[in-house]
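Written out below as structure tokens is the structure these notes cover.
FYI, it's all coordinate maths here, none of it is from the lab. Source: prediction; values computed, not measured. Neighbour counts are summed over all protein chains in view; Cβ atoms, including those assigned to glycine, are modelled from backbone coordinates with ideal geometry.
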Amino acid sequence: MKISEGEIKRLAEEIFPHQVKIRRHLHRHPELSDQEFETTRYIKQQLRNFGIKIRPLKMKTGVLGLINPQNRPAVAIRSDIDALPIVECTNLPFISKNNGVMHACGHDIHMATALGTAAVLNRIKKQIPGCVKFIFQPAEEQPPGGAERMIREGVLEDPEVKMIFALHTDPTVPTGRISIRDGATMAAVTDFDITIIGVGGHAAVPHNAVDAIAVAAEVIESIQKIISRETSPMRPAVITFGSIEGGTARNVIADRVKLSGTARTLNEDNRKLIPRLIKRTLDGVCRARGAKYELSIEAGYPVMVNHAAANKIIEESYTRLFGRRKVGETPQTMGGEDFSFFLQKVPGAMFRLGVRNNKIHANKPWHSPEFIADERSMYFGTALLTRAVLSKFGGY
Ligand code: NI
């Protein structure tokens, strides 16, 4: 069933203009996590237009499309579908019509690339000995995320998925290039909320009160020491308090302070250790000062660990299509990504798709109101995913 790289590129080029229309529609109509109703409807409509089967899900958003559902095993492609609560500040002709919501992480590019790949693979489906699944997953941006729910709905079963690929746009990588990395690539996320409960009183009579602000200051300082003194300097970890709230007037001792923060680690041991140390530290400081506390810790996404076997397929496919020097190495980051849940179940990898193009100002960071992705990247992503899926089925 060998299909030449030239033929793959021709098919990707052929679908590209339609893909641009899809992407612009999605960009114009972004929806927040778990509210991707129109997005879900639109993806289904596109898949149906291509003649691709859809398996119903119990989830209110998200789509599972299948090529050759009768064949086994399966290879899957995953795209996230949600947007962010950001007021778009670009001059794109297809700027968001949904005020205050924006595809500022490139998930519109992910969807259109996955849909284009679905169209291409569907055209040559008779030559594919297995099943190809397209997993359009909601709520990547908002823990607990949509990945685990989709796995619970059985998207990796019947037929069993043997390998899964995903892409993420990267505004630091020029269009036409990709990057990959084996092993731990993105961080485990642990979010937490703390309430320090003191005893209010007059600013001039501190000995009859328990100052929740003073205790909060000590708690923040002490929790930062978890990173500097209790985790290995050889293993990256970070804790950030992103919000603090408390007090009503300068001459009143606050009885309550709320703190919220997030911990990121690239290592499973630290992921387990840090919540325990946060609790121990908070408990110790509050006891010392006679304060009470409430703590809620939400285990977010695990470390995202890419599998070398899947990266090898990506690297080889891209090299054959576009040349060796077009593949770089993804740096490790402390960002989180719920594709990690899929990678705990089946081998796979997420590659970074270059979308940087200074000429069109496509060089702003993710989640910026000025984020722009070069849509030509979809051609490269589509050719790559097509070649990678065929490669997994032994086509080369
Ligand atoms: Ni993203």
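Which value results when the Cα radius of gyration for the range 1-135 is divided by 2.2 N^0.38 Å?
Details: Rg = 15.6 Å, N = 135, 2.2 N^0.38 = 14.2 Å.
Normalised Cα radius of gyration, the range 1-135: 1.10.
Dipole magnitude for the chain: about 1300 debye, using +1 per Lys or Arg Cβ and -1 per Asp or Glu Cβ, origin at the Cα centre.
In order along the range 249-260, the Karplus-derived 3J(HN,Hα) couplings, from 6.51 cos²θ - 1.76 cosθ + 1.60 at θ = phi - 60°, round to 7, 5, 9, 10, 6, 6, 9, 8, 9, 9, 10, 9 Hz, and Gly and Pro are given as x. Taking the Cα centre of the range 188-297 as reference, the dipole from Cβ charges on Lys and Arg (+1) and Asp and Glu (-1) amounts to some 220 debye.
Which entries of Lys125/Lys345; Lys53/Lys364; Lys312/Lys345; Lys97/Lys359; Lys9/Lys392 show an alpha-carbon separation above 30 angstrom in the structure shown? Write down the numbers at each step before the final one.
Details: Lys125/Lys345 26 Å; Lys53/Lys364 37 Å; Lys312/Lys345 19 Å; Lys97/Lys359 25 Å; Lys9/Lys392 18 Å.
Pairs exceeding 30 Å: Lys53/Lys364.
Just so you know, the averaged projected area of the alpha carbon convex hull for the range 108-213 sits at 12.9 nm². Within the range 255-340, the ratio Rg/Rh, alpha carbon atoms throughout and Rh by Kirkwood, equals 1.23.
The percentage of C-alpha pairs in the range 345-396 whose separation is greater than 18 Å is 47%.
Can you list, largest first and rounded to whole Å, the semi-axes you get for the range 11-80 by taking the square root of 5 times each eigenvalue of its Cα gyration tensor?
Numbers: eigenvalues 86, 70, 20 Å².
For the range 11-80, the semi-axes come out at 21, 19, 10 Å.
Extent along the principal axes, Cα only, for the range 40-114: 46, 24, 21 Å, with the longest axis given first.
Among 285-296, 362-373, how do they line up from the highest to the lowest mean number of other beta-carbon atoms within 10 Å? Could you put the intermediate results ahead of the total?
Details: 285-296: 15.8, 362-373: 18.2.
Packing order, densest peptide first, comes out as 362-373, 285-296.
With 0.36 nm allotted per residue and the present C-alpha distance subtracted, the Gln70-Gln35 stretch has 9.4 nm of extension available.
Taken over the range 188-297, the alpha-carbon convex hull comes to 85 cubic angstrom per residue.
Please work out the Kirkwood hydrodynamic radius for the chain, using every pair of different C-alpha atoms, and report it in angstroms with one decimal place. Write down the numbers at each step before the final one.
On the way: mean 1/r = 0.0443 Å⁻¹.
Averaging 1/r across every pair of different Cα atoms and inverting gives 22.6 Å.
Across the range 125-142, rounded Karplus estimates of 3J(HN,Hα) from the backbone phi angles (6.51 cos²θ - 1.76 cosθ + 1.60, θ = phi - 60°) give 5, 5, 9, 9, x, x, 9, 10, 9, 10, 9, 9, 9, x, 6, 5, 7, 10 Hz, Gly and Pro being marked x. On the basis of the beta-carbon distance and an R0 of 25 Å, Arg152 and Lys272 show a calculated FRET efficiency of 0.60. Only one residue of Gly284, Ser296, Ala254 has its Cα farthest out toward the positive end of the dipole of the range 188-297, where Lys and Arg carry +1 and Asp and Glu -1 on Cβ, and that residue is Gly284.
When the convex hull of the Cα atoms of the range 304-394 is projected onto a plane and the area is averaged over all directions, what value comes out in nm²?
Working: hull surface 27.3 nm².
Over all viewing directions, the range 304-394 projects a mean Cα-hull area of 6.8 nm².
Projecting the Cα positions of Leu385, Asn267, Tyr396 onto the charge dipole of the chain (unit charges on Cβ atoms of Lys, Arg, Asp and Glu, taken about the Cα centre) puts Tyr396 furthest along the positive direction. Measuring between their Cα centroids, the range 324-383 and the range 202-281 lie 34 Å from each other.
With the largest listed first and rounded to whole Å, the semi-axes of the equivalent ellipsoid of the range 91-162 from the Cα gyration tensor are 28, 20, 7. Note on Met234 and Ala249: their simple-model spin labels are 5.7 nm apart, each label 7 Å out from Cα toward Cβ. Scanning residues 5 or more positions from Val210 or on other chains, those with amide H under 5 Å from its amide H are Val199, Gly200, with H placed 1.01 Å from N in the peptide plane. Amide H contacts under 5 Å for Asn363: Asn357, Ile372, restricted to partners 5 or more places along the chain or on a different chain, H placed in the peptide plane at 1.01 Å from N. Calculated [222 nm] ellipticity per residue, helices only, for the chain: -11000 deg cm²/dmol; basis is -39500 (n - 2.57) per DSSP H run with n ≥ 4, divided by all residues, nearest 500. Once you reduce the range 62-133 and the range 154-180 to the center of their Cα atoms, the two points are 11 Å from each other. Along the range 177-192 the Karplus relation, 6.51 cos²θ - 1.76 cosθ + 1.60 evaluated at θ = phi - 60°, assigns HN-Hα couplings of 10, 9, 9, 9, 7, 7, x, 5, 10, 10, 7, 6, 10, 10, 9, 8 Hz to successive residues, with x for each Gly and Pro.
Among the trypsin sites (Lys or Arg not before Pro) found in the range 56-98, those both in a DSSP coil and sparsely packed, with 10 or fewer other Cβ atoms within 10 Å of their Cβ, are Lys58.
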